[in-house]
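*Asks:* Please see the structure below; I have some questions.
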Amino acid sequence: MFNFMVYFIITLRQISQFLLETKGVSIMKKIILLYLFVFSILFSYEPIDNYRAFIHAKNLYLKKDYENAKIEFENYIKTYGDSKLAKSNYPNYFIGMTYYELGELRSSLKFLDSSIYTPKYLQFTGSKKTNLFEFERGFYLGEIYSRLGKVESANNQYSSLIKGYYSLTSDEYEKKALNILTSTDPYYKYIMESKYQRNYTHLDNLKDSDLQMVGRYLYSKGLFIEFYNVYKNTIFSKFKSKTIVTDILNILEEGKEYNLMIELISKQAENNDSDYYFYGNALKKLNKPMEAIEKYKKVGEGPYLSDAVYSIGRIYFILEDYESSILWAKKLSTDSGHELLTRSYFQSKQMDLFKKSAITYIQKYPNSNLAGYYRNLLYNESKNPNYLNWIIKHNLNSYYYQVAYNITKTTRTLEEYPISYKNRIYKDEIALLEELSTLGDPELLTIETNSISFPNDKIFEYYLKTIYAEKNQLYTLALKSALRVEIEFSRYSNLYPHLYPRYYNGFVAKYSTKNEVEEAIIYSLIREQSLFDSDLIFKSTYFGLMQISLKTAKLYDENITYKKLLDPETNIRIGTLHLKYLLNKYNGNITLAMSAFSQGEDVIANWRLDANGDIDVEKIPYLNSQYTVKNVITNYYKYKKLYSK
């Protein structure tokens, strides 16, 4: 009653204000306008209302009160069918499943079929899922089609759940689907045996595409070499598809099985461009540079040519044959080719050409990391302190900012962003987000923040997207939102920490103290290795926040599994133990320890050290490794400075 009276009083005030504002308008026109005004007040709803209505219905579904959930969902559709939430398709899964539980299969089919909800964070975080409900939806659509007698449609849904990668959720539904498919077609038994029972006796019965899929899946679980050894020994002679060969070469390279790569290529009846390219990669990693060059030179026109040309130029650069590296770099029109050419000019003392190339790039991309590198080289050549000052001004997030600081002892001064003022301007939008954060469903907050757009205030727009992604514990999305406006956030002292966040701080603090490893080291590696994505499986070999291989993890926990390694606390615990070992091995040298963690001890053993026994970062032979090490070192100094006690 009280709420009604308040609403009635507010409505009267709005009508009074309307009458004052329409003074001078004819009576008839005023009556029509008043009618429309009152109608809009009485029959409008607050944005939060449709979210609350959905949550009420969803909670009934979760409590298995399907009859009442159906009533509330149907009311929701009638009242809020045109709302932002309804149009996102997110509610459709729960509506469809409510009908499914009640046995109303055709209504269930209608809503499940349209329950394709793809939040932006799936795209931003590189998820393999094309739909949040992809696995559950596919399985239950298969069940519905099966019960409706549509066998072909049912089997299509079940077979769509057979994936070439490991995922906790997909495995659960894939096993169910394979058991159903096996009951009518024994072919699926061979897939089940290969993927889940480590039984490879029927590999020769699998199609090429399914062999690739099984290989990729087993690789994601650390079982590829076991599978491959059986595979090559039983049906090696039956290789017909070059696509399979290329896929296997990719996997072997990711797994650092360079001799197996060479063996596979050598047994091909004929070699093509991809064979020569991977042959070159294997020889390069086996420290046979001139042999690698000969293989790269055999790569013809096609998708591998540019990478092969760059690799040749890069090898000559490492061998300090700068004239040859210049010759090959000139064949490229890529940024990496430009960098190789400019570096080669510098190392060969062709300073006029170096300056022209470097300054042209700096003018075009003044805030880039490469611009910071070129300014550092220009300083080394001229000793002009202005180059260091420009690094301080333009390249705050570059490795060379710390280099410039070490020389100049000056820092860039950041101003404070007016967050409180912006909160007042956008108080209605923020009030809605705050209410949504109390409803217990993070997706509602995601749907609303996805639609936020302040064309004239992009900084605050991404600030809101960042902090509410954090509230959702979508940490990778939060960091990527901040990184989308990295230059802008870097101007403000109270926004800058969002570029170097301390997520999972409880676990990091716990194992930092226990193992006597600096928190800044742990955070710097997590940020570089995974962008705080606890579910990340990279190259089917490295798992979780700190991207630890199963082989490394077993050194500290013999019972560890890939599933356990995706748990944030477990991952940080084992990662910190490994860091402690590396710090001891390298006598407390943080740069060497972090480099060994991210690149591998065997890899950095071949790197050139400087006079102090430290890594000569500029002489790291592989450019990707060089970038990674520079990023990790940069992260370390940023965390040290931002969060120093």
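The values are calculated or read from the model by the stated rules, or taken from the named source; none is laboratory data. Note that this is a predicted model, so its numbers are computed, not measured. With ideal geometry, Cβ positions are generated from the backbone for all residues, glycine too; neighbour counts draw on all protein chains shown. Heads up: the accessible areas ignore ligands, DNA and RNA and are worked out on the full protein's heavy atoms, side chains in. Shrake-Rupley method; radii C 1.70, N 1.55, O 1.52, S 1.80 Å.
*Asks:* When residues of the range 608-630 are filtered for being of a type in the set (S, T, N, Q) and either at pLDDT 95 or above or open to solvent by 60 Å² or more (accessible area, probe 1.4 Å) (or both), how many remain?
*Replies:* Within the range 608-630, residues that are of a type in the set (S, T, N, Q) and either at pLDDT 95 or above or open to solvent by 60 Å² or more (accessible area, probe 1.4 Å) (or both) number 2.
*Asks:* How many of the residues in the range 579-599 are open to solvent by less than 20 Å² (accessible area, probe 1.4 Å) and without any contact (Cβ under 8 Å) to a residue 60 or more places away in the chain?
*Replies:* 4
*Asks:* Please go through the range 331-360 and give me each residue that is over 22 Å from residue 318 (Cβ atoms) and surrounded by 17 or more Cβ atoms within 10 Å (Cβ to Cβ), ordered by number.
*Replies:* Result: 355, single match.
*Asks:* Quick one: which helices (runs of 4 or more DSSP H) lie wholly within the range 536-592 and hold at least 3 residues that are touching a Ser or Thr at 6+ places or on another chain (Cβ under 8 Å)?
*Replies:* Correct list: 568-585.
*Asks:* Mind checking which residues of the range 434-464 are outside any loop (DSSP other than H, G, I, E, B), among the charged types (D, E, K, R) and farther than 30 Å from residue 60 by Cα?
*Replies:* 458, 461
*Asks:* Could you figure out which of (1) open to solvent by 30 Å² or more (accessible area, probe 1.4 Å); (2) in contact (Cβ under 8 Å) with a residue 24 or more places away in the chain; (3) of a type outside the set (Lys, Arg) isn't true of residue 566?
*Replies:* Residue 566 satisfies every listed condition except (1).
*Asks:* Could you tell me whether residue 414 is open to solvent by less than 30 Å² (accessible area, probe 1.4 Å) and aliphatic (A, V, I, L, M)?
*Replies:* Judged against the criteria, residue 414 is not a match.
*Asks:* Name the one entry in 367, 376 that is touching a residue at least 24 places away in the same chain (Cβ under 8 Å) and assigned to a helix (DSSP H, G or I).
*Replies:* Going through 367, 376 in turn, the sole match is 376.
*Asks:* Further, regarding this structure: If the requirement is being buried (at least 17 other Cβ atoms within 10 Å of the Cβ), of a type outside the set (Asp, Glu) and closer than 21 Å to residue 118 by Cα, which of these qualifies: 462, 405, 399?
*Replies:* 462
*Asks:* Here is a follow-up. All but one of (1) in a helix (DSSP H, G or I); (2) open to solvent by less than 30 Å² (accessible area, probe 1.4 Å) hold for residue 431; which doesn't?
*Replies:* For residue 431, the exception is condition (2).
*Asks:* Is one or more of the residues making up the range 307-319 free of Cβ contacts under 8 Å to residues at least 12 places away in the same chain and either open to solvent by 40 Å² or more (accessible area, probe 1.4 Å) or out of contact with any strand residue (DSSP E or B) (no Cβ under 7 Å at 6 or more places or on another chain) (or both)?
*Replies:* No, every residue in the range 307-319 fails to be free of Cβ contacts under 8 Å to residues at least 12 places away in the same chain and either open to solvent by 40 Å² or more (accessible area, probe 1.4 Å) or out of contact with any strand residue (DSSP E or B) (no Cβ under 7 Å at 6 or more places or on another chain) (or both).
*Asks:* Separate question: Considering only residues that are of a type outside the set (A, V, I, L, M), within 22 Å of residue 619 (Cβ to Cβ) and crowded, with 17+ Cβ neighbours inside 10 Å, look in the range 286-306 and name the one that is farthest from the chain's Cα centre (by Cα).
*Replies:* Once the filter is applied, the top-ranked residue is 289.
*Asks:* From the residues in the range 492-509 that are part of a helix (DSSP H, G or I) and in contact (Cβ under 8 Å) with a residue 24 or more places away in the chain, which one is surrounded by the fewest Cβ atoms within 10 Å (Cβ to Cβ)?
*Replies:* Among those that are part of a helix (DSSP H, G or I) and in contact (Cβ under 8 Å) with a residue 24 or more places away in the chain, it is 497.
*Asks:* Something else now. Would you confirm whether any residue within the range 394-409 is touching a strand residue (DSSP E or B) at 6+ places or on another chain (Cβ under 8 Å) and either within 30 Å of residue 290 (Cβ to Cβ) or touching a residue at least 12 places away in the same chain (Cβ under 8 Å) (or both)?
*Replies:* Within the range 394-409, none of the residues are touching a strand residue (DSSP E or B) at 6+ places or on another chain (Cβ under 8 Å) and either within 30 Å of residue 290 (Cβ to Cβ) or touching a residue at least 12 places away in the same chain (Cβ under 8 Å) (or both).
*Asks:* Also, quick follow-up: What's the number of the condition residue 307 fails, among (1) modelled with pLDDT of 95 or more; (2) among the acidic types (Asp, Glu); (3) part of a loop (DSSP other than H, G, I, E, B)?
*Replies:* (3)
*Asks:* Taking the criterion of being modelled with pLDDT under 90, assigned to a helix (DSSP H, G or I), open to solvent by less than 50 Å² (accessible area, probe 1.4 Å) and out of contact with any strand residue (DSSP E or B) (no Cβ under 7 Å at 6 or more places or on another chain), would at least one residue in the range 181-189 satisfy it?
*Replies:* No, the range 181-189 contains no residue that is modelled with pLDDT under 90, assigned to a helix (DSSP H, G or I), open to solvent by less than 50 Å² (accessible area, probe 1.4 Å) and out of contact with any strand residue (DSSP E or B) (no Cβ under 7 Å at 6 or more places or on another chain).
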